[in-house]
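In what follows, a structure is listed as structure tokens, so that the remarks can point back to it.
The values are calculated or read from the model by the stated rules, or taken from the named source; none is laboratory data. This structure is a prediction, so every number in the text was calculated from the model and none was measured. Heads up, the Cβs are rebuilt from the backbone with ideal geometry, glycines too, and the neighbour counts pull from every protein chain shown. What goes into the accessible areas is simple: the full protein's heavy atoms, side chains included, and nothing from ligands, DNA or RNA. Shrake-Rupley method; radii C 1.70, N 1.55, O 1.52, S 1.80 Å.
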Amino acid sequence: MSKILIRGAKVLGGEPQDVLIDGETIAEVGAGLSAEGAEVVEAAGKVLLPGLVDLHTHLREPGREDSETVLTGTRAAASGGYTAVFAMANTFPVADTAGVVEQVWRLGQEHGYCDVQPIGAVTVGLEGKKLAELGAMHESAAGVTVFSDDGKCVDDAVIMRRALEYVKAFGGVVAQHAQEPRLTEGAQMNEGIVSAELGLGGWPAVAEESIIARDVLLAEHVGSRVHICHLSTAGSVEIVRWAKSRGIRVTAEVTPHHLLLTDELVRTYNPVYKVNPPLRTERDVHALREALADGTIDIVATDHAPHPHEDKDCEWAAAAMGMVGLETALSVVQETMVDTGLLDWAGVADRMSVKPAQIGQATGHGRPVSAGEPANLALVDTEYRGQVDPAGFASRSRNTPYQGRELPGRVTHTWLRGKATLVDGKLT
Amino acid sequence: MQRHLISAADLTRDDAVLILDTAEEMARVADRPIKKLPTLRGRTIVNLFFEDSTRTRISFEAAEKRLSADVINFTAKGSSVSKGESLKDTAQTLEAMGVDAVVIRHGASGAPYRLATSGWIDAAVINAGDGTHQHPTQALLDAFTMRRRLVGRDAGLGQDLSGKRITVVGDVLHSRVARSNVDLLHTLGAEVTLVAPPTLVPVGVETWPCEVSYDLDSTLPKSDAVMMLRVQRERMNAAFFPTEREYSRRYGLDGDRMAKMPEHAIVMHPGPMVRGMEITAEVADSERCTVVEQVANGVSIRMAVLYLLLGGNEPAVTHARTNEEK
Ligand SMILES: [Zn+2]
């Protein structure tokens, strides 16, 4: 197997070091390592991170291959520095059986750009009525440990309670898309000052917060752990903070877009800003950043949601909800968390690799950059600044809210178990 | 003036007064034996209605024809729109036909804004009502009606509505008329009070340039005009209020309530009225109710808007006064 010497990289943002990859693993980390027999990657000034792990990706295959496939989605992931993604279950057919999750998992293995860990549906057809065969999905080759009806909330309290209890048998976790359905009928954007003016149906913060409050109490009652998808409001932060202080086993994620964008952008009526949960207010954005910095929010997850052009090139009410995110996530986190001084690069590694790998039990990912560990790595040019150009995306879809926006940082190299998937910003 | 009319909030005080003054000139045309002006001869205007509204469409159509424009009516029903053609495709079809202006009514808030800003079409866009967002020509005709009644037809020229107290009653939450009126009346110097049950006032109303009250009776004596909004009966099924009877009792305008208004105060309604719900027949048919006038004024206002957006620099009506004052 080949050797690669990454020379002079700031490992987790620290002092420059050399990192030698031998085959699938990191052989050595230190100063002045010998380059003999190794291909050299000059990394002076760049930051080396463990390969990123996304706990919330929509790969769309099977069923909506017009917007994304496992191949295009994992190529986008590799471009963004990811070595593992968790694929959400809201495909057609829904990933609610062992057969579907194995298919998705196998496609990821075959393409080889990024490990794909399927998430299983909590309920049959995401309908919230009947538990899917959670055990069978866990025992399948895909080894599912995370279950979610994402896109829909498991709103029935009894079903949620049972799911939380049931997955304890094999150490699974339920990831909740917290959205009280009755409070969000016809919802088009955050309910507040802007929705009042624009005359768009409101998605109130309380619809998220009430479900989170219920679910942390359910998790406490049955002694389970629960994960909260795309937490988006200041009030949700307070509830999770309270739950953690009480010893409840809750983890939470925030998306890059909720760390940067606000509902003021909806004034353009441009559906590229339409997403679920919706963009919130400046106050929420600041609360989310602080919560990510202090650990109340455990991880960043992209909620990468590709949609074909025609689903966004229309009036707001007719448009699909969601944004692509894999190829811009790290840049947005640098902009909102690192360049603001809220988080250092070790903190970024923790929130975007170590913790998501732990929550999802992604073996071999989110490991320290040290000898003997799997060579899952991302090299980042943090000095770079450039405008986002969706034409250059590896994703099949272009629905980014950052088109033309200047953002810092660029992933130049990604290695998946020692194999380069991205070299000098180009996919292999 | 801007190139489009999307929101009443986009109008400055001077824009709005100019439209009202121009509408007065247009109204004089209606008194002539020949009601037509040659102003927009050779210009093509499309009335693009994705939502049924015969009243608004006819009003625009009358205005367009009086200005000698070529008029195309394009309604969702029976057209390719109902077969799933998108707003964008429809817009590009109209663009290919070389239309000069699109008057659009759409059920989705923001559709006219998208049409005007997405590069799909070059024509001027006039919002004839979008979702629960805006209906700027309605607000203009309401302001025109108020100025005539409360300031005077001739005395009102060049004037705004400074100091006038306007009360808007009913389903503010779902009303584009309320939003447009709050914006325009504030720009024109009026003091606006919204009156509704709390369920029908949007969260976020606190930043609007108006007062909010839940009590109609205490507001009426301080009103120069009371505008009743239509309240759809279906709202009670979504628990916005308990029963039609309770709504009428608390927020409906009947003869007894009208008597609490100052002598000079008028009652307005954008139509169509739900008699017995928000307004009794006694009030609707009274002298103080301006509903029929509002319809006539709507044509004058729409003529003024079309003329100012499309007519260029020539005076709309050639008569001595405007020429001398140049
Ligand atoms: Zn979701």
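Residue check, residue A:57 against (1) away from the ligand (no atom under 16 Å from the Cβ); (2) touching a residue at least 40 places away in the same chain (Cβ under 8 Å); (3) polar (S, T, N, Q), all met but one. Which one?
(1)
Select from the stretch A:144-156 the residues that are assigned to a loop (DSSP other than H, G, I, E, B) and in contact with a strand residue (DSSP E or B) (Cβ under 8 Å, 6 or more places away or on another chain) and write down the one among them that is nearest to the ligand (Cβ to nearest atom).
A:150
Tell me which of these residue A:274 doesn't satisfy, since it passes every other one: (1) within 14 Å of another protein chain (Cβ to nearest Cβ); (2) in contact with a strand residue (DSSP E or B) (Cβ under 6 Å, 6 or more places away or on another chain); (3) under 25 Å from residue A:86 (Cα atoms).
Every condition holds for residue A:274 apart from (2).
Restricting to the stretch A:89-103, count the residues that are closer than 13 Å to residue A:127 by Cα and acidic (Asp, Glu).
Of the residues in the stretch A:89-103, 1 are closer than 13 Å to residue A:127 by Cα and acidic (Asp, Glu).
Only one residue in A:400, A:428 is modelled with pLDDT under 95, surrounded by fewer than 22 Cβ atoms within 10 Å (Cβ to Cβ), in contact with a strand residue (DSSP E or B) (Cβ under 9 Å, 6 or more places away or on another chain) and farther than 28 Å from residue A:167 by Cβ. Which one?
A:428
So is residue A:135 within 16 Å of the ligand (Cβ to nearest atom), away from chain B (no Cβ under 14 Å) and open to solvent by less than 40 Å² (accessible area, probe 1.4 Å) or not?
no
May I ask you to list the residues in the stretch B:280-326 that are over 17 Å from residue B:26 (Cβ atoms), surrounded by 16 or more Cβ atoms within 10 Å (Cβ to Cβ) and either modelled with pLDDT under 80 or not basic (Lys, Arg) (or both)?
B:280, B:283, B:284, B:289, B:290, B:291
For residue A:337, state whether it is in a helix (DSSP H, G or I), over 30 Å from residue A:202 (Cα atoms), open to solvent by less than 10 Å² (accessible area, probe 1.4 Å) and not assigned by TED's automatic domain parsing to the domain that holds residue A:19.
Answer is no for this residue.
Residue by residue, here is whether (1) at pLDDT below 95; (2) assigned to a loop (DSSP other than H, G, I, E, B) holds:
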position	(1), (2)
A:272	no, no
A:276	no, yes
A:279	no, yes
A:285	no, no
A:289	no, no
A:302	no, yes
A:306	no, yes
A:313	yes, yes
A:321	no, yes
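Name the pairs: first residue in the stretch B:279-299 and in a helix (DSSP H, G or I), second residue of a type in the set (Phe, Trp, Tyr), Cβ to Cβ under 8 Å, at least 6 apart or on different chains?
B:297/B:144
Return yes when residue A:320 is within 14 Å of chain B (Cβ to nearest Cβ) and not basic (Lys, Arg) and no when it is not.
Yes, satisfied.
Residues that are within 14 Å of chain A (Cβ to nearest Cβ): find the strands (runs of 3 or more DSSP E) completely inside the stretch B:182-262 holding 1 or more of those.
Here the list reads B:191-195, B:211-213.
Name, by its number, the condition in (1) at pLDDT below 90; (2) over 24 Å from residue B:297 (Cβ atoms) that does not hold for residue B:96.
Condition not satisfied by residue B:96: (1).
Given the options B:116, B:143, B:139, name the one that is open to solvent by 10 Å² or more (accessible area, probe 1.4 Å), of a type outside the set (Lys, Arg) and assigned to a helix (DSSP H, G or I).
Matching residue, one of B:116, B:143, B:139: B:116.
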